Amino acid sequence: MADITFEFHPRTAGSAGPSVKAVRPNGIHKMEETTQVEISTRSLVLQAGPEIPAIDAGVAVTREDAVEKTTKHHTVVTGDNPQSEMDGGYYKARFYLSENESQENGIPSNLVACILLERDDDEDFECHPHIEVTPNLTTMITSLFSSRTPDDPVIFDVRKAPFNKLPESVVIDSNNLAMSDKNDDDLSGLDDDDEELVSTIHHGIEDVNQTADTQWRLENTWEQRWKDVFKTLATNSEVDDFKWEALIEKSATLGARPTVLHELAKDFNAGDFQRIPETRRYEVMSHLINHNVREPEPTQSYDQQDPVLEVAIRCDNKDFLQYIVKNCKASLEKLLAARGLSGMNCLHYAFKYIPEAIKHSGLVKKKRATEKNLCLREFLPLLKTFVQQASGEACTAPDKQGNTPVHYALDYELCCLRIEWYRENIVQPLVLKADSIFKRHHARQFNAANESPYLYFTSTMEAYNKIRSTNDTPVTSEQSESSSRPRYDNATELRNIKDGAFSAMSSKAGFIDRRLDVRQVSKKGEVGQVSQNPEHALLRREKQVIARQGAADRAFDISKMKNPQNSLPGNMTARDVSQMPPQIGGSTSQTQDSPSVKAATSSKISAKGAADMIREFLRLHYIRERPDMEAKELLYGKFSISLDKNMFFDATHEQGKTANEVVSLIEKLSRAGGFEDTLSHVKLPSLDYLTDSLNTSTSNSYISNERRSRDSYDKAQAVPQEEGRRSLIPVFDMLAKNNIRTILRLHVDDLASPAHTDAAIERAIRGRDAFSLTDQRPSEIHIETWDWRKLDISIDVISNAAPNVVNVHLYWSGSWSVLSGWSSSNGIPLLYRFKQEIKKQTNNELKLDVRLRTSARPGTTKLDEDVINQAGGRNGPPQHAWVERMEEFRASLFKIHSEVLKVKNITPPRIKVALIDDGINLSSLNTTIMQTTGLSFCPPSQNGEQPWHQSTIGHGTIMANMIARINPWVSLDVMRIHDMAAFKAGSEGNTRSMSALSAAKAIDAARIRQADIISISWSIRKPVKANVPVTANGRLQTPEERDIQLLEEAINKAKQENILIFCSAADNIQIVGKDSLPFSSAPEYIFRIGAATRYGQHDPSSEDANSISYFFPGNQVAEAWNPRSAKTVEYHDGSSVSTALAAGLASLIMYCNNIVREYHRVEVDKEDSQGSRLFKRREEWAKMLKLHTNMRRAFDNIHQDGYEDKKFLPVWDVFGKAAEQMKKTRGEKVLDDLDDLVVRLCSNLRAD
């Protein structure tokens, strides 16, 4: 008997794995029936007598019967998919075999079974076979002296082709597995004679073939065998099956090129292959490809043989490559995906081959070499086809250095080809095809050197320029000629390329493909959307990158002319100036008629210009398509300081405020990292109208001139109607001042009445109004997607403000005359000024079709409101004495900065504090001294990015103000993490649920950016272990458990680098420290802070005091009161406030030591021995204070004798007295008072 079980498990944690849907055979199946006659004899004995021991006496009666019967016996196979007792799943397939009891000839040696699996994902899985056999007595005795190791699991790789060893007669539809039912034997319909006949014929054919095959193989080598097959095929004769099989055999001596297909890749006429008729040749190629080319392997699995197409490229085999491209396109994807030992596929090799083709073409041009088949003219069209046919996986496959084909395509030397064709037909399609994979596998975009394709471009550019600068040294004319690269300004060999010319406009289809696609997109609130292919919309802009590189701003600033109208050239009017074609995508305001732009757009593009156009395309693509943080990493690197740069601007949280407040926000962000010159989006809310001085000004520069005619300047008379808004003009002026030149998506809420005037809109975006010659801005801002939510806006306004716009969102009030105007030939079709160009390029064969739709008018966006306890004016709960004493000490430090440090030009290094919270509102900070920057680790929402300078509920802003209240001289690094509202029964108000994965990323970023202190004013409860399946690799983790594990790992890494971590205790007495993160991850290292009342008592709501390191004020703590502000004073509760104060105090102690250290450093420069000794000691303290144990000692040094509670720090005795003394002292001696304080705090520090 045998009990066979197949158990299926997922290979990776988090995958559910397959379940067994059905098995065949299913149930009980009997076979090999035998009959047996059984005769049994039954007897009955009755005996009566006395029961006397040792005496047999009595009377016996006996009866005997004989019974004869015929029985049937079978070999039995039973199939089943039993249910798991643990979770009710179906993970097993079981087959039970029992022998024929009458024959006792054992169980079948072979069993063909079908197991139908059902999967919810495409993850790999494995099968664990278990076989239990009950042997007979002989086998059992033999097995006592032997042992057998358990079977290894069978690994199923879902990316590989099916492993099919079934007979050819058994046909299984791989696309409809459920229809394959193999309960019955395939020969069940034959009688015994037929079965015997079939078996005899089958074995006879095998014997004959085996004899002929063996003899033929012995007489011929591997090479002779396949050449013999080719010879037979050339005569159009039939080929034996065993000879067909010989074609797919591998040579034992040719290493990485062991197949016949490799021989043809080296020489397409090997073995007179070209003599074979075309139909048979195709049959041979299909046979070779299907059997010799493996399916795409997993990411880090490489084949032992060279990819066939790579061999053809290396061997200059143009005929082979062209044949594959023309006749075997169905197999091209598989050929392109094949990878060698280096991890490279054909696309890798193809891009690495281009420099060789360029070099050889140059030698041919100099008559130093003969023409190769695969010169640049022949190779690039093939490469275009490769990119078109390759799968996304092949385009993103990393080699052993982590470089993908996209990396190699962006090698600077290739990008320097002076042809737009390379960018438009190879680079752009490759980048777009790879995007779908890169977005799912973000890490694959970076090679082993942590270079994205964009950074690979820059690194190869630096290497290329370094070589060129080295080669600029004087050399002989012969060396110069041999080392220079060929130029392709107007190379004649590039003009006759078929399948697309190198010209930017090679055909009508090619032109339209990258031009306007006027279509309708359904989005709420949009009347219509005029759309252009976004990847090609900035082509004209990209060409002008060359003009903007290193160029000064040469705007036509007619505002500086004394008599602007008389100074215009010729008969040009101011109206003509406004209609001049704008600069596209650069920082200059050159027109398209300028010589430099003509040079950029002509066929004679410089090498640097061609490369810059590709870089600009990739840069815009990343900004447009990637989330903010991912785009920064791709453009600047994972650990670059440039990650602080702002790549979008969102001011929606400033709704209802004045334009000056939005301008102030831009200024703050410009100091906190600055802006990229291209922003992914800008979102502006409806601002206050009545209090805005711009709107109430008596100036008529921007009075509304709606429905104005633009046929000529003479006819256009400004007819003031209702005065409209002008609020956003200074906002866009400030954006332009910060070097912002392109906005990919512009969203402006202008639905409130009155809306901005036409002139104000033009002035805000373009920098000038068509009818005004004064108050102009020297630079304009280019818009790709226009979403200015103004009802019935004139197409003429958009055309003048953003002539190169790609997508336009229009908002309709219901007036049919407006709708007719939009859809007329003088409406939307004129928006891009492309109508004449289309006629010219297509010989007027295309008809432009504009379709519009209507939808409901959207409502205004309602912003989240901060939930904060408020009290009016200064009349509220009494202030904490602890906070008041620290404010007095802060005032003394202001005195030191103004009277000593500023005079002696001393700038102490700031302490970097990473605030991990829900972001901050920059406009709500109570100080301008604090340096602020940040990153956001929130995933984009349906409303777009969630920047670090916006707070979900204002919690992070409160924490930042509390830190600044103790030490405003910190460098605050805001790490915004993803948080969600959580509602718990019985809790007061709403609570927040923090994302563990987002928090882990934020802590890692704080560590990488070298934070001194991490402040975490929240906690995460550890999840209860879920009931998940247990595999051979152990218990599977849920996604939540994996995120928690990443958070714990991030905390431990920060601990290893001696970053001080402060976290808040839970404001719930039911929760203990061991149940929450981040404290439970490193309880001996993290400062856990609880809340205290204004009298220093522990807040009753705080949890167990034993798990809390220190108590800081956290009950009704007021924010700093500003007597010049009408804003009410706000009071805050909770241990989160206490944590911020604790982090502020730790940073203050470290900063005070930095002040006296830098002061003594000046004395060292004067060769003062006393100053040198003091400086070295303070230098040591600066390092010691970064250790957890020493900061705890510094905190403990604040205690005074007689104060029993060691967990509440009585700062009034130390910092309060120091503040009083410093207030009395004048001049530099005030630093001696500060030094005394530092000495007390650092008195017992040790270099642990």
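Working ranking of peptides 407-415, 816-824 by packing, defined as the average number of other Cβ atoms within 10 Å per residue, highest first, is 407-415, 816-824. Take each peptide in 883-896, 789-802, count the other Cβ atoms within 10 Å of every residue, and average; sorted highest first, the result is 789-802, 883-896. Cross-link pairs exceeding 22 Å in C-alpha to C-alpha distance, out of Lys608/Lys632; Lys1176/Lys1217; Lys352/Lys433; Lys645/Lys737; Lys902/Lys1229, comprise Lys608/Lys632; Lys1176/Lys1217.
When peptides 156-162, 778-784 are ranked by their average number of other Cβ atoms within 10 Å per residue, the highest-first order is 778-784, 156-162. When all alpha carbon pairs of the range 399-454 are counted in 10 Å bins from zero, the resulting P(r) reads 23, 52, 23, 1 %.
Among the listed pairs Lys21/Lys92; Lys683/Lys790; Lys160/Lys439, a Cα-Cα separation exceeding 19 Å is found for Lys160/Lys439. For Gly934, nonlocal amide neighbours, meaning residues 5 or more places apart or on other chains whose placed amide H falls under 5 Å from its own, are Val974.
Throughout, read-outs are computed from the coordinates displayed, never taken from laboratory work. The model shown is predicted, which means the values in this text are computed figures rather than measured ones. With ideal geometry, Cβ positions are generated from the backbone for all residues, glycine too; neighbour counts draw on all protein chains shown.
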